[in-house]
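What follows is a set of notes on a single structure, which appears directly below.
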Amino acid sequence: MVDLKVSKILFTEDEIRKRVKELASRISEDYADKEVVLIGVLKGAVYFLSDLSKNLSIPHMIDFISVSSYKGSQRGTLRLLMDTRIDIKGKDVIIVEDIVDTGLTLKEILKIVQAKEPKSVKVCVVVSKPNRRKVDVRVDYVGFTIPDVWVVGYGLDYDEWGRHFPFIGVLENVDSKT
Ligand code: 5GP
């Protein structure tokens, strides 16, 4: 078992709850009278998607997508592990992600989702690290902006550990570039 040492809590459970409610009310206003499908990116977005969904005041559907990054020479390309089930053609889609770092993952997910011809696609993330961006991706709803650190909790992991922490915190001695 891994004993993760959190050196600093960046956002407490209360702060996250408050921010998710704010995002949910903005989305509820922006999407009034639309056919909304939230697509959560597994596994990191599970906690966020669940809280966001419960706080939306508009009818909506939820679905999931799962991808994994190739390592080595194919780095930067993604393998689709699990596709969405709902037919999103002509619907208003919001991709719900845990974190945008370089933006490469999101860019590929956007391609996969756009190919299904939704009416519109927006992106909602808990955490963004704008200083690390390598590609230009538009993120429409951002919970928190952070510097170049590795964070865990609220769905975010370190080698699959730490997702269940109710806060978002920085790990001791982890280089965010690895
Ligand atoms: P990208 O660089 O493509 O934007 O992000 C790739 C993936 O790296 C994210 O979906 C996330 O799984 C992971 N990632 C990037 N930064 C962090 C971080 O600070 N903490 C955790 N737990 N995952 C991260």
Note on segment 82-109: residues more than 11 Å from the ligand (Cβ to nearest atom) and under 17 Å from Val142 (Cα atoms) are Val93, Ile94, Ile95, Val96
Among the candidates Phe144, Phe165, single out the residue that is more than 10 Å from the ligand (Cβ to nearest atom), of a type outside the set (Gly, Ala, Ser) and either in a strand (DSSP E or B) or modelled with pLDDT under 95 (or both). Phe144
Mind checking which pairs have a first residue in segment 147-162 that is in a strand (DSSP E or B) and a second that is near the ligand (Cβ under 8 Å from one of its atoms) and hydroxyl-bearing (Ser, Thr, Tyr), Cβ under 9 Å, 6 or more apart or different chains? Val151/Ser176; Val152/Tyr158
Scan segment 122-142 and report the pairs whose first residue is over 21 Å from Phe11 (Cβ atoms) and whose second residue is surrounded by fewer than 21 Cβ atoms within 10 Å (Cβ to Cβ) and hydroxyl-bearing (Ser, Thr, Tyr), with Cβ atoms within less than 6 Å and a gap of 6+ or a chain change. Lys134/Thr102
Boolean, Val126 is among the aliphatic types (A, V, I, L, M), more than 10 Å from the ligand (Cβ to nearest atom) and assigned to a helix (DSSP H, G or I): no
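The values are calculated or read from the model by the stated rules, or taken from the named source; none is laboratory data. Not measured: the values here are computed from a predicted model. Cβ atoms come from the backbone with ideal geometry, glycine included; neighbour counts cover every protein chain shown.
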